[in-house]
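First comes the structure, then the notes that go with it.
The values are calculated or read from the model by the stated rules, or taken from the named source; none is laboratory data. As the structure is a prediction and not an experimental result, all values here were calculated from the model. Ideal geometry is used to build each Cβ from the backbone, glycine not excepted, and the neighbour counts take in all protein chains shown.
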Amino acid sequence: MTSSPETSPRAVLVTGGSRGIGRAVARAFAARGDRVAVHFGTSRDRAEAVLAGLPGAGHVLVQADMADAAAVGAMVDTAAEALGGLDVLVNNAGVFVASPPLTASYEEWQEVWARTLAVNLVGAANATFRAVPHLRAAGGGAVVNVSSRGAFRGEPDNPAYGASKAGMNAFAQSMALALGPLGISVTCVAPGFVQTEMAREVLDGPGGDAVRAQSPFGRVARPEEVASAVLWLASPEARFSTGTIVDVNGASHLRS
């Protein structure tokens, strides 16, 4: 019996897969029966632990600094070669660098903007560009970008982060138009705060209750809830939803 497109294993690359949302996404795809390439930047030990815990077989590790264009290109090609192709790219890797106050030096300001945009926006754009030939060879596929509600509500204390995610949304919608004729969908999922290592300092600190109170549920998202949205956006059933941005923020921020 021939497997249907909905149930046949896929080759999936998840950037930033060593922790948090990326780890949950990798697990969700692997639980479905897909082969997953878990990308990491510097946290090899964490990435190896994620890999060891994935159900199924055929999973691999790949490494690259997302700010290094050559390394990103080589990483995507390596993942596709190891997996025997590429059907899904999840652009999850990102950094949240505390922005200096406006009274800081111009050099500090530039450093934060350069690093944030290089990883969060340009790195995702480079990974997408390099993935397109592989997705096209597979007859189509999906690119799912992990954005943020910060792209919409404004981030006065971290403007570089908010701008990088707003840029990711615009990039994704541009690519949805460009890649649709090739059978490739491009979408975004935009979480608010998520119960991850990255957010632990805030959520466990004195302001944690106020953050949780932003949602009528009185909590923040679980990584698995974000992963569920990514899994659906990557599915053949969601192909016609290309260009969409799915909010996963528990109504903590509503946009018109």
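Quick one: count up the residues across the stretch 184-235 that are farther than 30 Å from residue 140 by Cβ and among the hydroxyl-bearing types (Ser, Thr, Tyr).
2
Residue-level check: of (1) under 16 Å from the mean Cα position of the chain (by Cα); (2) at pLDDT 95 or above; (3) not hydroxyl-bearing (Ser, Thr, Tyr), residue 237 misses just (1). The set of residues in the stretch 47-62 that are within 13 Å of residue 11 (Cα to Cα) and either exposed (fewer than 14 other Cβ atoms within 10 Å of the Cβ) or out of contact with any strand residue (DSSP E or B) (no Cβ under 6 Å at 6 or more places or on another chain) (or both) comprises 56, 57.
If you go through the stretch 89-139 and keep only what is charged (D, E, K, R) and touching a residue at least 40 places away in the same chain (Cβ under 8 Å), you end up with 115, 130, 136. Within the stretch 150-209, being hydroxyl-bearing (Ser, Thr, Tyr), within 21 Å of residue 110 (Cβ to Cβ) and either part of a loop (DSSP other than H, G, I, E, B) or touching an Asp or Glu at 6+ places or on another chain (Cβ under 6 Å) (or both) holds for one residue alone: 161. Screening residue 99 on (1) among the small types (Gly, Ala, Ser); (2) buried (at least 18 other Cβ atoms within 10 Å of the Cβ); (3) modelled with pLDDT of 95 or more shows it passes everything except condition (3). Every listed requirement among (1) modelled with pLDDT of 95 or more; (2) closer than 24 Å to residue 199 by Cβ; (3) under 18 Å from the mean Cα position of the chain (by Cα) is met by residue 43 save one, (1). Restricting 251, 234, 238 to residues that are touching a strand residue (DSSP E or B) at 6+ places or on another chain (Cβ under 6 Å) and in contact (Cβ under 8 Å) with a residue 12 or more places away in the chain narrows the list to 234.
What are the pairs with Cβ atoms under 6 angstrom where one residue, in the stretch 1-27, is at pLDDT 85 or above and the other, located anywhere, is surrounded by fewer than 18 Cβ atoms within 10 Å (Cβ to Cβ) and among the aliphatic types (A, V, I, L, M)? Sequence gap at least six, or different chains. Within 6 Å, the pairs are 20/198. Each residue in the stretch 188-231 was checked for being over 13 Å from residue 146 (Cα atoms), in contact with a strand residue (DSSP E or B) (Cβ under 9 Å, 6 or more places away or on another chain) and modelled with pLDDT of 90 or more, and 4 of them qualify. Cβ-Cβ distances below 6 Å connect the following pairs, each with a first residue in the stretch 163-192 that is more than 18 Å from residue 94 (Cβ to Cβ), a second residue that is β-branched (Val, Ile, Thr), and a separation of six or more residues or different chains: 176/186; 176/242; 179/186; 180/242; 185/242. For residue 228, indicate whether it is among the hydroxyl-bearing types (Ser, Thr, Tyr) and either closer than 20 Å to residue 121 by Cβ or more than 17 Å from the chain's Cα centre (by Cα) (or both). When the stated conditions are applied, residue 228 does not pass them.
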